[in-house]
Amino acid sequence: MLEAAADAPRDWPHLRAVATLDQRTGRGRQGRDWTTPAGTALSVSVVLRLRVPFRHWSWATLIAAAVTAGELDRRGIAATVKWPNDVLAPDGRKLCGILAGVLPDQSGIVLGLGLNLDFGPEGPPVPTATSMAEWLPGDAGDHGPAGGTSALAVDVLDALLRSLGEALAAFEAAIGGPGADPDADVDGTHPAVGAVVERLGTLGAEVRAELPGGTTLAGTARGLGPGGTLLIEPADRGRIGAAVAGASRRGELLEVSAADVVHLRR
């Protein structure tokens with residue numbers, strides 16, 4: 001899809017999406033397989049052609065995660081975002097994962113989203129996963145894998161694309177609208193990403209960040225840096241002044257741009 005969207009931009013405008021309930025060849029973070037049993041999850045790929053400087057594009061994943069958490073919340077599921085790309089149920093299990101890839105010509109992004117709808121009587125394939133059906137209140141949680149799940153998928157997809165479009169338009173306006181400084185950094189204190197910060201359950205939590213290359217960093221998540229990086233106050237304060245592979249110093253915190261993060265406790 002990345003190549004198709006780059007080669008035929010008129011056929012793949014902003015927010016054009018493809019979706020399926022039978023994802024067989026997906027890839028997750030660090031090249032991991034991203035597949036789910038047929039009929040149990042909604043897999044979406046959507047083209048985003050953002051009208052903001054390239055350095056701000058990394059916010060797209062967190063914005064999409066916050067939008068997804070908001071749509072689940074509107075359905076009675078108190079979901080939160082786990083940095084950098086997951087949406088969690090109230091018990092901390094994973095409901096949704098999101099990844100983004102830049103088009104080869106850098107004209108936009110393809111955002112991939114996998115939302116668990118209903119694993120049925122056999123339950124989730126791994127203990128760290130859950131589905132909407134487990135959390136929807138009352139009879140709304142009774143969705144079989146045939147008609148019910150399909151209807152739920154269509155309803156959720158329409159709402160997600162609509163809300164994502166609105167959230168990205170607001171993000172663009174906050175960065176490039178009248179009175180805004182287009183050259184300013186966008187970190188967690190910027191009003192353009194207030195909705196992300198509101199939904200981000202990682203902030204304030206004790207975390208373990210598993211960094212590329214095998215380094216591990218434990219501490220407390222204190223904020224978001226430019227582009228949506230995670231700022232961690234290390235549990236071992238001695239690591240502030242030491243070289244930590246995969247992290248850099250920002251003031252009295254360590255900044256992480258890529259990691260698998262585990263929430264330890266709040």
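When the range 219-242 is filtered for residues that are closer than 27 Å to Ala78 by Cβ and part of a strand (DSSP E or B), the ones remaining, listed by number, are Gly219, Thr220, Ala221, Arg222, Gly223, Leu224, Leu230, Leu231, Ile232, Glu233.
Can you find a residue in the range 123-132 that is more than 16 Å from Thr40 (Cβ to Cβ), part of a loop (DSSP other than H, G, I, E, B) and at pLDDT 95 or above? The answer is no; no qualifying residue exists.
Here Glu198 fulfils each of the conditions (1) in a helix (DSSP H, G or I); (2) charged (D, E, K, R); (3) out of contact with any helix residue (DSSP H, G or I) (no Cβ under 8 Å at 6 or more places or on another chain) apart from (3). Given the criteria part of a loop (DSSP other than H, G, I, E, B), under 20 Å from Val196 (Cα atoms) and either without any contact (Cβ under 8 Å) to a residue 12 or more places away in the chain or open to solvent by 30 Å² or more (accessible area, probe 1.4 Å) (or both), does Ala245 qualify? Against the criterion (part of a loop (DSSP other than H, G, I, E, B), under 20 Å from Val196 (Cα atoms) and either without any contact (Cβ under 8 Å) to a residue 12 or more places away in the chain or open to solvent by 30 Å² or more (accessible area, probe 1.4 Å) (or both)), Ala245 does not qualify.
Among the residues of the range 3-18, those that are open to solvent by less than 60 Å² (accessible area, probe 1.4 Å), at pLDDT below 95 and not in a loop (DSSP other than H, G, I, E, B) comprise Ala4, Ala5, Ala6. Where residues in the range 167-183 are in a loop (DSSP other than H, G, I, E, B) and either in contact with a helix residue (DSSP H, G or I) (Cβ under 8 Å, 6 or more places away or on another chain) or surrounded by 15 or more Cβ atoms within 10 Å (Cβ to Cβ) (or both), which of them is modelled with the lowest pLDDT? The residue in question is Pro182. Just one of the numbered conditions (1) assigned to a loop (DSSP other than H, G, I, E, B); (2) open to solvent by less than 20 Å² (accessible area, probe 1.4 Å); (3) among the hydrophobic types (A, V, I, L, M, F, W, C); (4) at pLDDT 95 or above is not true of Leu203: (2).
The values are calculated or read from the model by the stated rules, or taken from the named source; none is laboratory data. In this text, all values refer to a predicted model and were calculated from it rather than measured experimentally. Because the Cβ atoms are built from the backbone with ideal geometry, glycine has one as well, and the counts that use them run over all protein chains shown. Protein only, heavy atoms only, side chains kept; ligands, DNA and RNA dropped before computing areas. Shrake-Rupley method; radii C 1.70, N 1.55, O 1.52, S 1.80 Å.
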